[in-house]
1. Looking at the stretch 119-135, which of its residues are crowded, with 20+ Cβ neighbours inside 10 Å, touching a Leu at 6+ places or on another chain (Cβ under 8 Å) and hydrophobic (A, V, I, L, M, F, W, C)?
2. Can you give me the number of residues within the stretch 185-221 that are over 23 Å from LEU118 (Cα atoms), aromatic (Phe, Trp, Tyr) and either in a loop (DSSP other than H, G, I, E, B) or touching an Asp or Glu at 6+ places or on another chain (Cβ under 6 Å) (or both)?
3. If you take the residues of the stretch 165-184 that are in a strand (DSSP E or B) and under 21 Å from LEU145 (Cα atoms), which of them is most open to solvent (accessible area, probe 1.4 Å)?
4. Look at GLN15 and say whether it is outside any loop (DSSP other than H, G, I, E, B), more than 29 Å from VAL109 (Cβ to Cβ) and at pLDDT 90 or above.
5. Does the stretch 198-221 hold any residues that are more than 16 Å from the chain's Cα centre (by Cα) and either without any contact (Cβ under 8 Å) to a residue 40 or more places away in the chain or open to solvent by 20 Å² or more (accessible area, probe 1.4 Å) (or both), and which are they?
6. Among the residues in the stretch 34-44, are any at pLDDT 50 or above, in a loop (DSSP other than H, G, I, E, B) and in contact with a strand residue (DSSP E or B) (Cβ under 6 Å, 6 or more places away or on another chain)?
7. So, in the stretch 148-162, how many residues would count as being surrounded by 15 or more Cβ atoms within 10 Å (Cβ to Cβ) and touching a Gly at 6+ places or on another chain (Cβ under 6 Å)?
8. Regarding LEU26, is this residue at negative phi and modelled with pLDDT under 90?
Amino acid sequence: MVDLLNTQREHWQQQGTLLRQRSATLEQQALLLMRQGFTQVWQEKVRLHGPMQLQSNHHEVMAHNAPVRSVHPSMHGRMTDGAETQQQHNMTMKVPALSGQNAPADLDVSTFQRSRNLHYFAHVEPLTEPNLAVPLNEIHQWRLLVSDSDGRPLANANVSIDGHMPGHVHGLPTQPRITQELSPGEYLVQGVKFQMTGWWVMQFDIEHNDTQDSLVFNLVL
């Protein structure tokens, strides 16, 4: 009897693994179809199709709120923008940008995401020219495109924004917010700023007709 139960348990475990794999495959196929339909609806708006990238002129080493910063009053106004800041009084300071933080290898960094409870589908991209790359330590704007579960642009939604670094104990240095609905379902996000390279999580909490849901975007800058 024990051997029979063990055999059945192993069979159920194998079946469970196969079902999870099939479910994951179907989910990816469904997301691909949703993205294709979404892109067709917003074909004149969607310009970024891959993950967000950092501008090539970024600093390799950053502090939490600024380039390397000294706490001593005598050091004020004596910072440089190099990877290593040499201060007077033989003070040297290095701050690795990715210290204490490792993004998962399989992290989903797509700019197209479904909401947690499947009410909404959305896309974000920076409004930076010419290559839509994300600047460091510079306030810039994003475009947020949102549709409902039927693929229709989500107009007149209330959207709040938050962001943080999972491997650190700080959030964004600014408070981004929606300042304008440019067209039905197209929202202008102003006040975005990243002060460090690394893994960032941006969350958009959306409320529309008493339906609340959240969208999460991962960036590795």
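The values are calculated or read from the model by the stated rules, or taken from the named source; none is laboratory data. Not measured: the values here are computed from a predicted model. Glycine gets a Cβ as well: all are built from the backbone with ideal geometry, and neighbour counts include every protein chain shown. When the accessible area is computed, the model is the full protein with side chains, heavy atoms only, and any ligands, DNA or RNA have been set aside. Shrake-Rupley method; radii C 1.70, N 1.55, O 1.52, S 1.80 Å.
1. Selection gives ALA122, VAL124, VAL134.
2. Residues that pass the stated criteria total 1.
3. My answer is ARG177.
4. Details: outside any loop (DSSP other than H, G, I, E, B): yes; more than 29 Å from VAL109 (Cβ to Cβ): yes; at pLDDT 90 or above: yes.
Taking the combined requirement at face value, the residue satisfies it.
5. Within the stretch 198-221, GLU207, HIS208, ASN209, ASP210, THR211, GLN212 meet the criteria.
6. At the first step, the residues of the stretch 34-44 found to be at pLDDT 50 or above are 34-44.
From what is left, the residues that are in a loop (DSSP other than H, G, I, E, B) are 42-44.
Then keep just the ones that are in contact with a strand residue (DSSP E or B) (Cβ under 6 Å, 6 or more places away or on another chain); that gives 42.
Checking the stretch 34-44: at least one residue is at pLDDT 50 or above, in a loop (DSSP other than H, G, I, E, B) and in contact with a strand residue (DSSP E or B) (Cβ under 6 Å, 6 or more places away or on another chain).
7. Residues in the stretch 148-162 being surrounded by 15 or more Cβ atoms within 10 Å (Cβ to Cβ) and touching a Gly at 6+ places or on another chain (Cβ under 6 Å): 2 in total.
8. Taking the combined requirement at face value, the residue satisfies it.
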